[in-house]
1. For labels at L25 and E47 in the simple 7 Å Cα→Cβ model, what's the distance in nm?
2. Using DSSP to define loop residues, name the GluC sites (Glu not before Pro) in segment 29-120 whose beta-carbon has at most 16 other beta-carbon atoms within 10 Å.
3. Between the DSSP loop rule and a limit of at most 12 other Cβ atoms within 10 Å, which trypsin sites (Lys or Arg not before Pro) in segment 1-104 are left?
4. With every protein chain left in place, what is the accessible area per residue of the chain in square angstrom, probe 1.4 Å?
5. Carbon and sulfur together cover what percent of the accessible area of the chain at a 1.4 Å probe radius?
6. When the gyration tensor of segment 1-52 is built from Cα positions, what are the square roots of 5 times its three eigenvalues, in whole Å, from largest to smallest?
7. Of Q16, S37, P60, which is farthest along the charge dipole of segment 3-118 in the positive direction, counting Lys and Arg as +1 and Asp and Glu as -1 at C-beta?
8. Hey, with R₀ at 25 Å, roughly what FRET efficiency would M1 and K74 work out to, going by the Cβ-Cβ distance, to 0.05?
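The values are calculated or read from the model by the stated rules, or taken from the named source; none is laboratory data. This is a predicted model, so every value here is computed, not measured. As a convention, Cβ positions derive from the backbone with ideal geometry for all residues, glycine included, and neighbour counts pool all protein chains shown. For accessibility, only protein heavy atoms count, side chains too; no ligands or nucleic acids. Shrake-Rupley method; radii C 1.70, N 1.55, O 1.52, S 1.80 Å.
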Amino acid sequence: METSEFEVLVHQALDQIPPEIRMHLDNVDLVVEEWPSNEQLVGSGIEKEQLLLGLYEGLPLTERSDYGMVLPDKITLFQKSIEEICDTREEIVEEVRDTVVHEVAHHFGISDERLEELGV
Ligand SMILES: [Zn+2]
């Protein structure tokens, strides 16, 4: 899939997040990379690059007290990783949506443990 097409899917996924949640997204960039970098892999605690589909880097809203002039949070989607585990375009669409929701949840300070409990 072309990167530009993948980026469209990412933005569609973001558009599907309910507006009342989306409006609270604060200072966060959404970017697409092919594969995670070594640093990102180490930071995530995941060893196989194929398994890291997306990554949230930043300071969750729940941990911001004196939040002034800082770099925006970053949510990265790894296109090749996602394509690797998907056979069809429909699967990619679904995986992109799940990953965006998952990383946005981290932006709101929800942990992986809690997300697992919620089945997200
Ligand atoms: Zn996570």
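1. Going from the L25 label point to the E47 one covers 3.4 nm.
2. E34, E47
3. Working: sites: R22, K48, R64, K74, K80, R89, R97; in loops: K48, R64.
Listed in order of number, the matching sites are K48.
4. Values: 7530 Å² over 120 residues.
In whole numbers, the chain has 63 Å² accessible per residue.
5. 49 percent
6. The answer is 24, 16, 9 Å, longest axis first.
7. Final value for the positive-end residue is P60.
8. Numbers: r = 22 Å, r/R0 = 0.88.
Once the sixth-power term is evaluated, E becomes 0.70.
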